[in-house]
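Peer 1: Dropping the structure in here first, questions after.
Every number here is computed from the coordinates shown, using simple stated rules; none is lab data. Since the model is a prediction, treat every value here as computed from it, not as a measurement. A quick note on method: Cβ atoms are made from the backbone with ideal geometry, for glycine too, and the neighbour counts reach across all protein chains shown.
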Amino acid sequence: MRPLLEGNEDPRTVLVAREIEAISDADILGWAGLHIASPSYTDDLSYLQLIRSNPRNAVALGKAFGHLKSLVARQFPDFNDKSAEASERAREIFLRRLRSYLQDDVEPFHVCRMVSHIEQMYEFPHWLGDLYNACDWMDERTTQAQAPHIRDSVEQILADCAENTVDGGN
């Protein structure tokens, strides 16, 4: 599976991605290793701890999310992870994950595990489409071949989002 994050993402986007379960703690450290920090936080202690962490060290891995949360809290004090801005970041990450799903790069569980987190954080946003129902009875072992209905839902969501973008809405 190709990493979802490319390294150019803002720490707030990475935080939202982790909160909706689009990425893991190891992905946070992978992002930190690729990320070129803004001068405003290159010397931030939490950022430095992230870039110095060994992803193969369980203790360091367990602290990654906390370091990221501390970095965002200090450097972006007005950021609210339940705001409209955060919801838009979540939508972008979610759509990126859906596109990677269609490229056969992700198993259904990696898409479905985000649904309940997104629903809880952003109060059932319309851009989730009918994925909640499509994800019923999914587990870690379900393959794309066993779940063609997930592909159908993903394609519909991406089509709906493309139409909304053309129409000027979200």
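Peer 1: Work from the charge dipole of the chain (Cβ charges, +1 for Lys and Arg, -1 for Asp and Glu, about the Cα centre) and give the residue of Leu71, Leu5, Leu15 farthest towards its positive end.
Peer 2: Toward the positive end, the furthest listed residue is Leu71.
Peer 1: Once phi is turned into ³J(HN,Hα) by the Karplus curve 6.51 cos²θ - 1.76 cosθ + 1.60 with θ = phi - 60°, what whole-Hz value does each residue of region 120-132 show in order, with x for glycine and proline?
Peer 2: Running phi through 6.51 cos²θ - 1.76 cosθ + 1.60 with θ = phi - 60° gives 5, 6, 10, 6, 6, x, 4, 6, 7, x, 9, 5, 4 Hz.
Peer 1: Please list 3J(HN,Hα) in residue order for region 86-96, calculated via the Karplus relation 6.51 cos²θ - 1.76 cosθ + 1.60 where θ = phi - 60°; whole Hz, with x for glycine and proline.
Peer 2: Once θ is set to phi - 60°, the couplings for region 86-96 become 5, 4, 5, 5, 4, 4, 4, 5, 4, 5, 4 Hz.
Peer 1: Counting Lys and Arg as +1 and Asp and Glu as -1, what is the net charge of the other residues whose Cβ lies under 11 Å from the Cβ of Phe79?
Peer 2: +1
Peer 1: In debye, nearest 20: dipole of region 84-167 around its Cα centre with unit charges on the Cβ of K, R (+) and D, E (-)? Show your work: numbers first, answer last.
Peer 2: Values: 8 positive and 17 negative charges, 51 e Å.
Approximately 240 debye in magnitude.
Peer 1: Spelling out what I want: for every residue of region 103-114, take phi, set θ = phi - 60°, compute 6.51 cos²θ - 1.76 cosθ + 1.60 (Karplus), and round to whole Hz; glycine and proline get x.
Peer 2: With coefficients 6.51, -1.76 and 1.60, one gets 8, 6, 9, 9, 7, x, 4, 5, 7, 5, 5, 6 Hz.
Peer 1: I'd like the distance separating the alpha-carbon centroids of region 50-65 and region 101-170, in whole Å.
Peer 2: 30
Peer 1: Only one of the values (1) 0.98; (2) 1.06; (3) 0.96 was calculated from this structure for Rg/Rh (Cα atoms, Kirkwood Rh); name its label.
Peer 2: Answer by label: (1).
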